[in-house]
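First up is the structure itself, then whatever we jot down about it.
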Amino acid sequence: MYYDDYVITTTTDFDPTWTVIFSLIILALTWIGYWKVFVKAGQPGWGGIIPLYNQYVLSKITFGTGWLFLLLLIPFVNIIYVVVLSYKLSQAFGHGIGYAIGLIFLPFVFYLILGYDNSEYHGVQE
């Protein structure tokens with residue numbers, strides 16, 4: 001870092017290309033997982049790659065009604081909604097609280113596992 005006429009100039013070797021590539025890989029893995037989970041639940045797989053619509057369908061799979069996804073628009077309520085949605089989704093496929101925690105913190109991994117494992121969709125759990 002050096003000072004030149006009151007302008008601070010820094011040099012860095014950071015290349016954002018790898019960040020973009022990594023982000024696109026994570027996005028693709030999440031979409032693949034959504035697609036497989038939606039197909040397992042009897043919904044159209046393409047719905048997993050369309051923003052907002054995928055949350056509508058996910059809400060329909062877990063709660064029975066799709067309109068609860070609008071809770072994602074309310075600050076702080078959306079955090080509670082995601083936790084409850086993850087728990088109910090894990091229950092709908094016959095898993096427990098540990099799996100729900102995985103869906104919350106590592107969704108791109110756990111949606112893939114949920115899509116490709118041998119668990120079956122049991123419907124909306126009360």
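Key figures for this structure:
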| read-out | value |
| --- | --- |
| Residue, surrounded by the fewest Cβ atoms within 10 Å (Cβ to Cβ), within segment 63-120, restricted to residues that are in a loop (DSSP other than H, G, I, E, B) and polar (S, T, N, Q) | Asn118 |
| Filter result (farther than 17 Å from Thr30 by Cβ and in contact with a Gly (Cβ under 7 Å, 6 or more places away or on another chain)) within segment 72-106 | Ala92 |
| Gly42 vs. criteria under 23 Å from Gly123 (Cβ atoms), in a loop (DSSP other than H, G, I, E, B), at pLDDT below 95 and out of contact with any Ser or Thr (no Cβ under 7 Å at 6 or more places or on another chain) | yes |
| Pairs with Cβ under 9 Å, 6+ apart, first in segment 37-48 and in contact (Cβ under 8 Å) with a residue 12 or more places away in the chain, second surrounded by fewer than 18 Cβ atoms within 10 Å (Cβ to Cβ) and charged (D, E, K, R) | Lys40/Glu120 |
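The values are calculated or read from the model by the stated rules, or taken from the named source; none is laboratory data. Note that the structure is predicted; figures quoted are calculated from it, not measured. Ideal geometry is used to build each Cβ from the backbone, glycine not excepted, and the neighbour counts take in all protein chains shown.
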